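A short write-up of the structure that comes next.
Since every read-out is calculated from the coordinates, none of them should be taken as a lab result. For clarity, every value in this text was computed on a predicted model and none was experimentally measured. Counting neighbours? That spans all protein chains shown, and the Cβs are built from the backbone with ideal geometry, glycine included.
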């Protein structure tokens, strides 16, 4: 199964961190967050990746050719345009798969097609969590809906303070049970997704989260896979430092290994 990763954004909220695209910013002395994310998939048997790139795509070609990519991995890079929105990137990916199908069919119509319109993982190149991907896939199959999204609790940036009258009695860790958000780690059925683009005029300007997913949800076609554990995105320099601090401590191994 293909693992499709959003890697095309400019990451403006992160600033000019190391002058690299956000997924390629290192969170330790060796690897960028993208490599850690890909390793999480590979450890569970998913080693075929497509990176949906745009901004500074040349850096992703360098990454693919580097020592960080094992020979057992298959990594494709798809140029989905520097200014294309997330919905447009997904649409370009599906069209690319359909075009490959058609090209192969024309080359040899007597052999079965190796490239098929299929279910694929979709996630963001700047988020990380110890998701049980097999359980996610099983949930997707059991519910028979075209989209399954991992629901996570957003990490709060503030801890809680217990106050009794004018007396501060205790402090607690940052709460993590403040509702649910889209944590990425989605499963998408390509064939079922395409009709939702039919009414979209400018597909490159289409936002997957704002324009496509709400329509699918109104049709009651999205399954939630609830993940109660650790989840962290990398939107700000503070997020980078937090992830780097985890890598320096034993907490990272406790979370992911």
Worksheet entry | Likely footprinting exposure, 1, 186, fewest C-beta neighbours within 10 Å first | 1, 186
Item to complete: Go through 129-137, 61-69, 216-224 and give me the packing order, highest mean Cβ count within 10 Å leading.
Response: 129-137, 216-224, 61-69
Worksheet item: In nm, to one decimal, how far is the modelled label at residue 134 from the one at residue 249, with both set 7 Å along Cα→Cβ?
Response: 3.0 nm
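Relative to the present Cα-Cα distance, how much length would full extension add between residue 58 and residue 207 at 0.36 nm per residue of separation?
Values: separation 149, 0.36 × 149 = 53.64 nm, distance 2.41 nm.
Difference between extended and current length: 51.2 nm.
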Worksheet entry | Where labels lie 7 Å past Cα in the beta-carbon direction, separation of residue 143 and residue 102 in nm | 3.3 nm
Discussion item. So if I take the centroid of the Cα atoms in region 187-206 and the same for region 211-249, what is the distance between those two points in Å?
Written reply: 22 Å
Worksheet item: What length, rounded to one decimal in nm, is gained on full extension from residue 156 through to residue 28, with 0.36 nm per residue of separation minus their alpha-carbon distance?
Response: 43.7 nm
Discussion item. If I stretch the segment between residue 226 and residue 79 completely, what's the gain in nm (0.36 nm per residue apart, minus their alpha carbon distance), one decimal?
Written reply: 49.7 nm
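What is the fewest-to-most order of 156, 199 by other Cβ atoms lying within 10 Å of their Cβ? Walk me through the numbers on the way to the answer.
Working: 156 13, 199 8.
With the fewest neighbours first, 156, 199 line up as 199, 156.
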Discussion item. How large is the convex hull of the C-alpha atoms of region 20-91 per residue, in Å³?
Written reply: 96 Å³
